[in-house]
1. Select, from T159, T119, the only residue that is in contact with a strand residue (DSSP E or B) (Cβ under 6 Å, 6 or more places away or on another chain), of a type in the set (S, T, N, Q) and closer than 28 Å to V216 by Cα.
2. Suppose we keep only residues that are polar (S, T, N, Q) and farther than 11 Å from T119 by Cα within the stretch 63-76. Which one would you say is most open to solvent (accessible area, probe 1.4 Å)?
3. Small (G, A, S) and within 22 Å of R164 (Cα to Cα): which single residue out of A126, A141, A117, A98 fits that description?
4. Scan the stretch 185-215 residue by residue and report those that are open to solvent by less than 90 Å² (accessible area, probe 1.4 Å), more than 21 Å from M139 (Cα to Cα) and more than 21 Å from the chain's Cα centre (by Cα).
5. Does at least one position in the stretch 69-86 carry a residue that is of a type in the set (V, I, T), more than 29 Å from V198 (Cβ to Cβ) and over 20 Å from the mean Cα position of the chain (by Cα)?
6. Has the stretch 176-184 got at least one residue that is assigned to a helix (DSSP H, G or I) and either modelled with pLDDT under 95 or over 23 Å from the mean Cα position of the chain (by Cα) (or both)?
Amino acid sequence: MKVAHPRLASLLLLSALALTPVFAQQPDSQTNPQHGNRQGGPRGGMGGGFMGMGSAVHGAVTAITGSQFTIKTEDGTTYNVATGPNTRIMKDRQPIKATEIKVGDVIMTGGEVDEKAHTVGAVFLAVLDPEQVARMKQMQADFGKTWTAGKITAIKDLTLTIERPDKKTQTITVDENTSFQKHRESITLADIKVGDTVTSRGALKDGNYVATQLSVVEPRNRPIGSGPNAGANAGSATPAQPSQPQ
């Protein structure tokens, strides 16, 4: 059975697990020492990623060649994942070496994804345990039903329209029972504007999503990366903690 949005599943796990402060963040003025220009965000994936986390891919390792891994996603797509000396590799929230990864492991990797070439320049790579895989699948199943997230494209009265990471449009209804937050501080609906990125918990009522909580989140700078060998230059900047749905 094919997964409708394999990239979404990985991004959801990144946003929820907060595995470690692994995603590199850099000022706009930093240049790429190999190419002599500013490093942009990752291409491919879902429009630069969810809440600034960049593109992400997850799948089972089918082959290993040196520091490169071949993985197969749940929809059957094969990706070649290139790592380098600065790629952050984790398991059980602890750093490990690339040599500790074996065929059959399920991994999630973040960085620059080339959808045409099916390559990943890995800034971050994590070996997932069965509980994390199950949680990711559950989050994907619940997305848009018990929680949602995206960028606000319109606000009319008590209805907010968002563009989700899977590029779908969803409306969020708020009422007197909805709480609003920004930086963990209480705000009001009037403080929220078009262009804000939000996460929300709630439930479907008569087919409409009604929020019990709505949080404005600050998008992070995107992970560094410039092509399939991005992992070789990763980890040289200040790490940033992925945001977690409220």
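The values are calculated or read from the model by the stated rules, or taken from the named source; none is laboratory data. It should be emphasised that the depicted structure is a prediction, and the values quoted were computed from it without experimental measurement. With ideal geometry, Cβ positions are generated from the backbone for all residues, glycine too; neighbour counts draw on all protein chains shown. Please note that ligands, DNA and RNA were not included when accessible areas were found on the heavy atoms of the full protein model with its side chains. Shrake-Rupley method; radii C 1.70, N 1.55, O 1.52, S 1.80 Å.
1. Answer to the selection: T159.
2. Step one: filter the stretch 63-76 for residues polar (S, T, N, Q), giving 65, 67-68, 70, 73.
Keeping just the survivors that are farther than 11 Å from T119 by Cα gives 65, 67, 73.
Values: T65: 105, S67: 54, T73: 11 Å².
Among them, the one singled out is T65.
3. Details: A126 fails: within 22 Å of R164 (Cα to Cα); A117 fails: within 22 Å of R164 (Cα to Cα); A98 fails: within 22 Å of R164 (Cα to Cα).
After ruling out the rest, the residue left standing is A141.
4. I187, T188, L189, D191, I192, V194
5. There is at least one residue in the stretch 69-86 that is of a type in the set (V, I, T), more than 29 Å from V198 (Cβ to Cβ) and over 20 Å from the mean Cα position of the chain (by Cα).
6. Checking the stretch 176-184: not a single residue is assigned to a helix (DSSP H, G or I) and either modelled with pLDDT under 95 or over 23 Å from the mean Cα position of the chain (by Cα) (or both).
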